[in-house]
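First up is the structure itself, then whatever we jot down about it.
The values are calculated or read from the model by the stated rules, or taken from the named source; none is laboratory data. Computed from a predicted model, the values in this text were never measured in an experiment. Neighbour counts run over all protein chains shown; Cβ positions are idealised from the backbone, glycine included. Ligands, DNA and RNA are excluded from the accessible area calculation, which covers all protein heavy atoms including side chains. Shrake-Rupley method; radii C 1.70, N 1.55, O 1.52, S 1.80 Å.
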Amino acid sequence: AVRSRGDRGPEVSELQERLAQARYYDGPDNGRYNDRLERAVAAYQVSRGIEGDPAGTYGPHTRRALEAETREP
């Protein structure tokens, strides 16, 4: 499922944890997709050259890349 700003829940929490593993997010693990998390996702996308998902949106292309380099929380 695609996740973006305003979403909440365990999938967002997993995203926060995986981005923390990749050193792109150092905020709270609160399951809230806020501006800070959106910026972290966008920075990750740029650094990895990910295309196909809107900037700051956790879509299938971004998920595939992040899951490939992190472990499941």
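List of remarks:
- Placing +1 on the Cβ of every Lys and Arg and -1 on the Cβ of every Asp and Glu, with nothing else charged, gives the chain a dipole about its Cα centre of roughly 100 debye.
- Of [x] 16, 13, 11; [y] 34, 17, 7; [z] 25, 14, 9, the label for semi-axes √(5λ) of the Cα gyration tensor in Å derived from the coordinates: [x]
- Accessible-area composition of the chain, carbon plus sulfur, in percent [1.4 Å probe]: 45
- Residues in region 45-60 carry Karplus couplings, in order, of 4, 5, 5, 9, x, 7, 10, x, 10, x, 4, x, 9, 8, x, x Hz; the curve used is 6.51 cos²θ - 1.76 cosθ + 1.60 with θ = phi - 60°, and Gly or Pro positions show x.
- Using the 1.4 Å probe convention, the accessible area of the chain works out to 59 Å² per residue with neighbouring protein chains retained.
- Computed over the chain: relative contact order in percent, which uses C-alpha pairs under 8 Å that are six or more apart: 37
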